[in-house]
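Some notes on the structure that comes next.
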Amino acid sequence: MNFNKKLSILTLILLAAVAFTLSLSAGESERQSAQAPEVNVSELALEIDQVVAAELKLKGQAQRPQIDDFTFCRRIYLDAIGRIPTIGELDRFIADARSDKRARLIDKLLHSKGYNSHWYNYWADLLRVKDIGDKLHHSGNYSEWIKESVRSNKPYDQMAYELVNASGDLYKPGNGATGFYAREPMPLDHLANSVKTFLGMSIECAQCHNHPYEDWTQQDFYQLAAFTSKTHLRVEPLREEEAKLYAKHRAILKNRDFDEWIVYRESIRVKHAAIYGNGTGYMRLPHDYQYKDGEPHQVMDANVLFGDMPEVSYKVSKEKLQSMSKKQFGPEIGARSAMADWMTSPDNPMFTKATVNRLWHSIMGSELVGQLGGLTQEEMGAHPALTEKLISIMQVSQYDTKLFLSALFNSRAYQSQALALTTTPPPYILDGPIVRRLPAEVLVDSFLSLKTPTPDKYVATKFRWDGFTHFYDKSKDMTAKDFVDYSVSGPGRQEFQNREEREAMKRNGQMGPKALWRVSTFGRNYKNHWLAMLMGKSNRELIDDATLEPNIPQILFMMNGLEAPEDTLIKRKLSQATTKPEKMTTLWKAILSRMPKESEKVLFENEPDDILWALINSNEFRFSK
Amino acid sequence: MDRRDFIYRVGMTGASLPFLNATAASEQAAAQAKSVIYIFLSGGLSQYDSFNVEVDNPVLGKSKIINSNTDGIRVSHYYPKLAQQMDKLLVLNAMKTNQGAHPAGTYKMLTSYNPRATVTHPELGAWVNKSLTTQQDSLPNFVSIGSGRSGTAGFFPGQWSALPVKNPSQGIDFAKRDPSIGGDTFKKRLNILDSLNSDFQGKYGARDTQSYIDTYSGALKFMNSADIDAFELNREDPNIVKLYNKSDFSRSCLLAGRLVERGVRFVKVNLGGWDYHDDIYGRMPSNANKLDSGLSSLLTHLTQKGLLDSTLVVVSTEFGRKPEVNPNVGRDHHPDGFTCLMAGAGVKAGQIYGSTSKDGVYADEGIVDVTDFNATIAWRMGIDPGLEENSASGRPFTLANRGEARPELFI
């Protein structure tokens, strides 16, 4: 169960050095060459516990009680794979007599399809994969890229680097990282969001004016933006290709048949839509720049917000560019990859701090350092030594998130009783999980654990095509004439997208009945998941936009809208149970993942259906403890 | 907690009191609109096939001009019923937006802001909800009827978003007990739930868990409330019901009128499908007929009930459509010079305000920006259009962006 990989600190340092001295265009492959770490998870867990124990001792607090196997089983299923255990999964774990069964379960779940489903939801929220969007900003490929990154357990720093440095065709299978840029058209907003996503800092104020209560100035913002200058989504073919290949027929079709012209335009776009621009290293202050330290339209060269400036090789001097038209931003020099290196480097203190802050929050329910998207450079949280420890574990793990999670899950801190956050003492000192509501997707996927013994069965194990990636794939060999044929005698304007979607679905093969899909499988092609939305799922317009708050429509659904058809797992289990106490025990185990307490046995006199309703509506079901 | 209290309380759980500017509002003489019915035509209404026919003839496509019941106002023949109600309507023919794509245009129209990736802005209805809700209110003050964008609270707490009613004939989703569950059984279930929750609360109770317990009692009160019948159209006076036809949009208008009568402040009614890039004259008439019937019934309804003086009815859309009919016999998007309507609450009814150039290409005189449009609605409700609120990260935003109210649109 250990992650027996080889660690080379030296490689890490070398890599960082290389990344910071060279402006690497092939940064990804350099990063991948880092050898995998050899670390012992239980030792890491122990290190966490030692830091926590020291703080408890210092504050004169007792250690929280450890949780029993039932509570552990429910908790680890929720946190590792995003749903409650089925009754069978619970029974099997309880019956397991091996002394290391918890560690075994952690390892099993981290390598299961359920993990891929749950953590896709997590990253898709952070990276704001829109389920529904404009046609050409369609997110299918982006979504698949994240799924593949989770499946292959791509190191998080590499994942972040690939996103920030993404370029090329939008619909090329495997190139879905481009969706990160394609999802929003405004480059400055995008930059502010990248900083919030990867560095956990809020600098968007500085986009329009000096930050009111922090050090960031509008110039700082523009200097950072200079790295990415001229990065953009272009959906039409480049001018030369257009002239050489497409222009003639475009004109003919436009004058002849509007529908054919539209199909021609749209199908060519699917082939050619791409993220262009690798950064010029220059930006100009806005036309309404209001401060004394610069002029409107003044050229700014690239600079990072803090830390060492990576090397950028300019081809044109700042003075020269300043003398040119204010529309000029200079030639592309690959400055964006230099920023990606800086942003996602282990040497960037904010990158790792923001990452552990987020992951701790997801697992323990509390902020380790501070506001997920509003950290400051100095901030180290209520327990700085713990923050430092987790940062070092993340670095030693080389951003292997599974390994990091495994260390957390195996800690005594994680496996201790959850605390309800109230104002009464003792104060919470980050010594374990807090009581919190299940995220929307987890709540909805937990219904699935009551429906079927195999809730993760239909989670994808490989790339899934959609109409766009499918057509892109077909278009590899299409000549300009083929595009004309497709537009004139193909499926037609009303049908062509539908047909490509259908063909893509066929290519994907059996995906199982939608009623048994986990929320992560839904998406643009399968419509948004209304129930998850009702439960507070993020619509992914903004970072951290999911909500855990109740509202009346949600509760009305829970009271009057949930159905338990006869052919579901829970109903079958109920009918197999012969005595009333057996039926009741079944319900408690299936829904709350525990045995009924002595004090609850008075409820046994009720009808099973009434108990079923009450348990699903109970706070214990929707909260994690 | 009585029923007048619950919507308020439930929404308030864990949050601070809303910013109540009712005092400030009453000081403004303009607070004549107690409620707003906001009809949103998503997709982009063709102004030249509806209420802006004072342009060169070719611009009108297949629309024919008909006279209305009001001197000086002519409309397209697709709106024969509204033609007989133009004395109640103010036509704004020089509306302007800076957005030409649907999502951005809709967002701008409803929030006054351009969409940004770092913040979501509250819709006008959410501003109204947050500003005017008091403890005495028994129904939510922002209700969104029909499919489409359902009324987001943006960076406000979720309690200020719209209560969605997807299907006007069915009322609030899941507001009725499953008929196979008897009242006694339901009561028994609730007792079990209570005992489970109080046990859990003892050990793990916190603000969030309490908030769920409160929302359950709120939802139960709602289910049992005398006010829930506001959402039940079959309780309406048959003489009012018969004013309307059976289309969903007409039913939505009926519901909106009913809710306004109960004091709901802002009711949004969605009618989509206006994006006719092709075959506009084949596909548009049925939709035009829906709007024509529903809105004219609503105006009659409000008049009969004596509610039109205190209710501002507006019809808006994200942008208009081009003066030329394209080769596909459709019209493409056109943000510069489109048409919106207002009625009630002392608006200068029976008039046209603003015009486009005769070739229909641009807004010419009496231009009203969409932010001004929203500012005017707020002002008429007695809310300062410059009302400022901070987003979560502390950025200040105002109700109508930089829009300014246009008192000249009212008597």
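The values are calculated or read from the model by the stated rules, or taken from the named source; none is laboratory data. Source: prediction; values computed, not measured. Because the Cβ atoms are built from the backbone with ideal geometry, glycine has one as well, and the counts that use them run over all protein chains shown. With ligands, DNA and RNA removed, areas are computed over all heavy atoms of the protein, side chains included. Shrake-Rupley method; radii C 1.70, N 1.55, O 1.52, S 1.80 Å.
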* Asked: What are the ³J(HN,Hα) values, in whole Hz, obtained from phi via the Karplus relation 6.51 cos²θ - 1.76 cosθ + 1.60 with θ = phi - 60°, for each residue of the stretch A:161-169 in sequence order, with x given for Gly and Pro?
  -> 4, 5, 5, 5, 9, 4, 7, x, 5
* Asked: How big is the accessible area of B:TYR353 in square angstrom, nearest 10, if you roll a 1.4 angstrom probe over the protein chains?
  -> 50 Å²
* Mind listing, in residue-number order, the residues in the stretch A:407-430 that have at least 10 Å² less accessible area with every protein chain present than in their own chain alone (1.4 Å probe)? => A:GLN417, A:ALA418, A:ALA420, A:LEU421, A:THR422
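For the stretch B:27-162, give the percent of accessible area contributed by carbon and sulfur heavy atoms, probe 1.4 Å, rounded to a whole number.
Numbers: 2110 of 4340 Å².
Carbon and sulfur atoms account for 49 percent of the accessible area of the stretch B:27-162.
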* Report B:SER150's accessible area, 1.4 Å probe, all protein chains in place, as a number in Å² to the nearest 10. => 50 Å²
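Sequence gap at least 6, Cα distance under 8 Å: using those rules, report the relative contact order of the stretch A:171-302 to the nearest whole percent. Walk me through the numbers on the way to the answer.
Values: 165 pairs, mean separation 35.5, N = 132.
Value for the stretch A:171-302: 27 percent.
Largest first, how would A:ARG239, B:ARG207, A:ARG493 line up by accessible area (1.4 Å probe)? Walk me through the numbers before you get to the answer.
On the way: A:ARG239 190, B:ARG207 150, A:ARG493 65 Å².
Largest accessible area first, the list is A:ARG239, B:ARG207, A:ARG493.
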* List the residues of the stretch B:79-112 that lose 50 Å² or more of accessible area once all protein chains are present, compared with their chain alone (1.4 Å probe, heavy atoms only, no ligands or nucleic acids). => none
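Which links in A:LYS402/A:LYS589; B:LYS176/B:LYS221; A:LYS196/A:LYS315 stretch past 19 Å when you go from one Cα to the other? Numbers along the way, then the final one.
On the way: A:LYS402/A:LYS589 28 Å; B:LYS176/B:LYS221 12 Å; A:LYS196/A:LYS315 31 Å.
Violating the 19 Å limit, Cα to Cα: A:LYS402/A:LYS589; A:LYS196/A:LYS315.
Work out the length of the dipole vector of the stretch A:436-485 about its Cα centre, built from +1 on the beta-carbon of each Lys and Arg and -1 on the beta-carbon of each Asp and Glu, and round it to the nearest 20 debye.
Working: 9 positive and 8 negative charges, 63 e Å.
So the magnitude is around 300 debye.
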* Asked: Lysine pairs in the stretch B:253-411 with alpha-carbon atoms under 28 Å apart, 8 or more places apart or on different chains: how many are there?
  -> 11
* Does chain B come out rounded, prolate or oblate by the C-alpha gyration tensor, with a ≥ b ≥ c the root eigenvalues, rounded set by a/c under 1.5 and, if not, prolate when a/b is larger than b/c and oblate if not? -> prolate
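Residues of B:215-223, mean number of Cβ from any other protein chain within 10 Å of their own Cβ, rounded to a whole number? Working shown, then result.
Details: counts 8, 7, 1, 4, 11, 4, 1, 4, 5.
If you average over the peptide's residues, the count of other-chain Cβ atoms is 5.
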* To do: For A:ASP69, B:ASP208, give the ranking by accessible area with the largest first, probe 1.4 Å.
  => B:ASP208, A:ASP69
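Roughly to the nearest percent, how much of the accessible area of the stretch A:461-536 is carbon and sulfur, given a 1.4 Å probe?
The value for the stretch A:461-536 is 54 percent carbon and sulfur by accessible area.
Which FRET efficiency, nearest 0.05, do A:LYS315 and B:ILE411 yield, Cβ-Cβ r, R0 51 Å? Kindly include the intermediate steps, with their values, before the conclusion.
Details: r = 66 Å, r/R0 = 1.30.
Approximately 0.15, to the nearest 0.05.
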* Find the sum over both chains of the accessible area lost when A and B are paired, probe 1.4 Å, and report it in Å² to the nearest 100. => 4500 Å²
* Would you mind pulling out the separation of the Cα centroids of the stretch A:417-434 and the stretch B:104-158, in Å? => 36 Å
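Could you tell me which of rounded, prolate or oblate describes the protein assembly as shown, using a ≥ b ≥ c as the square roots of the eigenvalues of the alpha-carbon gyration tensor, with rounded for a/c under 1.5 and, failing that, prolate when a/b is larger than b/c and oblate otherwise? Let's see the in-between values first.
Values: a/c = 1.66, a/b = 1.18, b/c = 1.41.
Cα axes put the protein assembly as shown in the oblate bin.
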* To do: Leaving ligands, DNA and RNA out of it, report the carbon-plus-sulfur percent of the accessible area of the stretch A:95-244 at a 1.4 Å probe.
  => 52 percent
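Quick check for me: using +1 on Lys/Arg Cβ and -1 on Asp/Glu Cβ, what's the dipole size of chain B about its Cα centre, in debye to the nearest 20?
Details: 43 positive and 43 negative charges, 181 e Å.
That gives chain B a dipole magnitude of about 860 debye.
Under the definition of partner shielding as Cβ atoms of other protein chains within 10 Å of a residue Cβ, what is the mean value for peptide B:187-195? Provide the component values of the computation, followed by the final result.
Details: counts 0, 5, 10, 5, 4, 11, 9, 2, 6.
Per residue, the average neighbour count from other chains is 6.
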* **Accessible area of the protein assembly as shown divided out per residue, in Å², using a probe of 1.4 angstrom** => 39 Å²
* Asked: Given the C-alpha centroids of the stretch B:226-287 and the stretch A:387-414, what is the distance between them in whole angstrom?
  -> 56 Å
* Select from the stretch A:553-592 all residues whose loss of accessible area on going from the chain by itself to the full protein assembly reaches 40 Å² or more (probe 1.4 Å). => A:PRO553, A:ILE555, A:LEU556, A:MET559, A:ASN560
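Hey, with R₀ at 51 Å, roughly what FRET efficiency would B:ALA101 and B:ASN239 work out to, going by the Cβ-Cβ distance, to 0.05?
Values: r = 44 Å, r/R0 = 0.86.
Efficiency for this residue pair is about 0.70.
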* Asked: Between A:GLN66 and A:GLU241, what is the label-to-label distance in nm when each label sits 7 Å out along the Cα-to-Cβ direction?
  -> 6.1 nm
* To do: Using +1 at the Cβ of each Lys and Arg and -1 at the Cβ of each Asp and Glu in the protein assembly as shown, identify which of A:LEU443, B:ASN401, B:TYR212 lies farthest towards the dipole's positive end.
  => A:LEU443
* Angle, helix A:480-489 long axis vs. longest principal axis of chain A, Cα atoms, 0 to 90°, nearest 10? -> 60 degrees
* **the stretch A:465-533 shape via C-alpha gyration tensor axes, a/c threshold 1.5** => prolate
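So how do A:LYS113, A:LYS462, A:LYS57, A:LYS292 rank on accessible area, 1.4 Å probe, biggest first, that is with the largest at the start?
Values: A:LYS113 70, A:LYS462 115, A:LYS57 170, A:LYS292 205 Å².
Ranked from most to least accessible, the order is A:LYS292, A:LYS57, A:LYS462, A:LYS113.
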* To do: Output the relative contact order of chain A, whole-number percent, from Cα pairs under 8 angstrom with separation of 6+ residues.
  => 20 percent
* How large is the dipole of the protein assembly as shown about the Cα centre if only Lys and Arg carry +1 and Asp and Glu carry -1, each at its Cβ, rounded to the nearest 20 debye? -> 2100 debye
* Structure fact -> Compactness check, the stretch A:516-625: C-alpha Rg relative to the 2.2 N^0.38 Å globular estimate gives 1.27
* To do: First select every other residue whose beta carbon is under 13 angstrom from the beta carbon of B:ARG235; then total the charges, Lys and Arg +1, Asp and Glu -1.
  => -4
* Calculated from backbone phi, Karplus (6.51, -1.76, 1.60) coupling profile of the stretch B:53-65 in Hz, x at Gly/Pro -> 10, 8, 9, 4, 4, x, 4, 6, x, 8, 5, 10, 7
* B:TRP127: accessible area at probe 1.4 Å, nearest 10 Å²? -> 10 Å²
* Using only alpha carbon pairs under 8 Å that are at least six residues apart, calculate the relative contact order of the stretch A:534-625 and give it in whole percent. => 18 percent
